[in-house]
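Structure record follows, encoded as structure tokens.
What follows draws every value from the coordinates through simple rules; no lab data is involved. In this text, all values refer to a predicted model and were calculated from it rather than measured experimentally. Don't worry about glycine lacking a Cβ; one is built from the backbone with ideal geometry, like all the others, and counts go over all protein chains shown.
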Amino acid sequence: MKEYKIYTSVCIKTAEELSPQEQALTERAKEATGSSYSPYSHFAVGAAMQLEGGKIVTGSNQENASYPVGCCAERTALHWTAANHPDTRIEAIAIAAKSGGHFTSLPIAPCGMCRQALLEAERRQGHPICVILFGTKGVHIVKQVEELLPLSFNQDAMSI
Ligand code: THU
């Protein structure tokens with residue numbers, strides 16, 4: 001029998017410890033919660049993507065009366081970026097969420113579906129996407145999406 005262990009390294013920073021770029025991206029994610037359409041969950045999520053060259057693209061969760069039709073903030077931002085800036089590298093994504101009108105104290109992490117979508121974008125561009133998860137009590141930073149979705153399903157698995 002063989003065994004291997006997989007580690008995820010999470011860096012925990014206070015708001016004051018963020019770099020100016022991390023701070024700016026986190027602020028844009030927080031602002032993006034303002035455009036959330038979430039009348040069903042009342043949970044407003046904002047995502048901000050730092051693109052190579054300095055541009056920041058944002059997205060928010062968009063819900064629907066037919067619940068599965070809704071889209072998370074991360075994929076709203078990711079797909080808009082892919083459609084409008086297909087050749088521009090994504091450097092980082094920041095995510096923030098508001099519940100009952102207040103930012104969550106604990107960071108919220110992307111759901112499994114968003115991790116799958118972000119991981120394919122990361123592999124496709126051949127460059128890590130840093131993930132910054134905002135919480136009022138601390139900000140969690142993971143260096144690349146790969147660490148959030150180990151043992152992933154990907155196109156390599158589809159070949160014989
Ligand atoms: N949501 C996101 O936008 N991103 C996440 O990472 C987790 C969940 C949204 C989906 C739904 O609109 C609401 O939050 C409650 O699940």
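Qualifying trypsin sites (Lys or Arg not before Pro) in the range 96-160, where qualification requires a DSSP coil assignment and no more than 12 other C-beta atoms within 10 Å, comprise 137. The charge dipole of the chain, taken about its Cα centre with unit charges on the Cβ atoms of Lys, Arg (+1), Asp and Glu (-1) only, comes to about 180 debye.
Determine the sum of side-chain charges near residue 46: Lys and Arg each +1, Asp and Glu each -1, restricted to other residues whose C-beta is under 12 angstrom from that of residue 46. Before the final figure, lay out the partial values.
Numbers: positive: 28, 30, 98; negative: 27, 31, 74.
Taking every Cβ under 12 Å from that of residue 46, the sum is 0.
Think of the chain as a dipole: +1 on every Lys or Arg Cβ, -1 on every Asp or Glu Cβ, centred on the Cα centre; then among 97, 76, 66, 66 lies furthest on the positive end.
For the chain, the longest principal axis of the alpha carbon atoms and the long axis of helix 20-32 meet at an angle near 60°.
Straight-line cross-link reach from residue 13 at under 22 Å between alpha-carbon atoms covers these lysines, not counting any fewer than eight positions away in the same chain: 30, 98, 137, 143.
Here the ratio of the Cα radius of gyration of the range 92-155 to 2.2 N^0.38 Å is 1.18.
Note on the chain: with a GNM built from Cα contacts shorter than 10 Å, the maximum mean-square fluctuation among 11, 130, 114 falls on 11.
Might you report the magnitude of the Cβ-based charge dipole of the range 58-120 about its Cα centre, with Lys and Arg at +1 and Asp and Glu at -1, to the nearest 20 debye?
On the way: 4 positive and 5 negative charges, 28 e Å.
Here the range 58-120 has a charge dipole of around 140 debye.
Annotation note: chymotrypsin sites (Phe, Trp or Tyr not before Pro) in the range 38-141 located in DSSP loop regions with a Cβ neighbour count of at most 12 within 10 Å are 40. Straight Cα distances below 19 angstrom link residue 5 to the aspartates and glutamates 146, 147, with same-chain residues fewer than 8 positions distant left out.
Once the Cα atoms are used to define both axes, helix 112-125 deviates from the longest principal axis of the chain by about 60 degrees.
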